[in-house]
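The values are calculated or read from the model by the stated rules, or taken from the named source; none is laboratory data. Keep in mind that this is a model prediction, so the values were computed, not measured. Accessible surface is based on the protein model in full, side chains and every heavy atom, while ligands, DNA and RNA are left aside. Shrake-Rupley method; radii C 1.70, N 1.55, O 1.52, S 1.80 Å.
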Amino acid sequence: MDVDALARDVAEGFERFDISAPPFPAYYAAWAKRELAQLSPDQTAALRAAPLPIESVEQIEHRVAGDLDAYLYRAEPGGSALLLGLRSERIAYVAFCAGLYTVTEPYQDYTFAQLAMFALTVRAEADNVRFSGVCGGGGEATRINVDVERAWYEALDEPGRRALYARCETIARDAALLLGNGSAAAPVLAFYEPQTGTEITMGAGRPNLIAEVALS
């Protein structure tokens, strides 16, 4: 397939805010619809007004991560960054950041990680998973953080917990592939209580750990 042509189509879709149909995956279109519904009519009109015509889409990087092919692009004019994660020639993950390269000239690894994290988070939300970070990798197992309410988690019976782990498994494995620095160890799901605004502001780090589950 012509990945560069696909990237151009996707970039143009983002610029027009036309993200409700293929090549955008259904989960992304549903997420975008919910996000746009929270805006006022004036805000929506401003976003859709006078989109920049895409003149060029340059492939910056291609990473092979297991059965995922991840591509990072720069779209002009505007210096926007686009990430495509393809599986079996279909978009599994997508993220776009308008003007990212014009704010600063970010490090390539940082740009990739930033967009991958956003793409993974949106995909997780489609499965009602509150994905909140990745750490580790290299010689250690990659830890994928998931936020859950402690009382809700502890009230689950064994089948309910297995269903939760199954819902998290694909996103966890893909997060490890994209952001785990090449770790060969099986990823670990780490369930935490959500951080409050005070905890985040005060730099308290992650709140209490509820459970860890290693994926075989």
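When the residues THR111, THR170 are ordered by accessible surface, computed with a 1.4 Å probe over the protein chains alone, the sequence from largest down reads THR170, THR111. Mind jotting down the distance between the C-alpha centroids of the stretch 36-87 and the stretch 131-161, whole Å? Cα centroid to Cα centroid, the span is 30 Å. GNM remark for the chain: springs join alpha carbons under 10 Å apart, and the peak mean-square fluctuation among LEU179, LEU83, LEU52 falls on LEU52.
Rolled with a 1.4 Å probe across the full set of protein chains, the surface gives SER20 an accessible area near 90 Å². Of CYS97, CYS168, the residue with the largest accessible area leads and the full order is CYS97, CYS168 (1.4 Å probe). Per-residue accessible area (protein heavy atoms, 1.4 Å probe) orders MET117, MET1 as MET1, MET117, starting from the largest.
Taking a probe of 1.4 Å, how large is the accessible area per residue of the chain, in Å²?
Accessible area per residue: 52 Å².
Listed values [x] 18.1; [y] 17.2; [z] 18.6 include one computed from this model; for Kirkwood radius over Cα pairs in Å that value carries the label [z].
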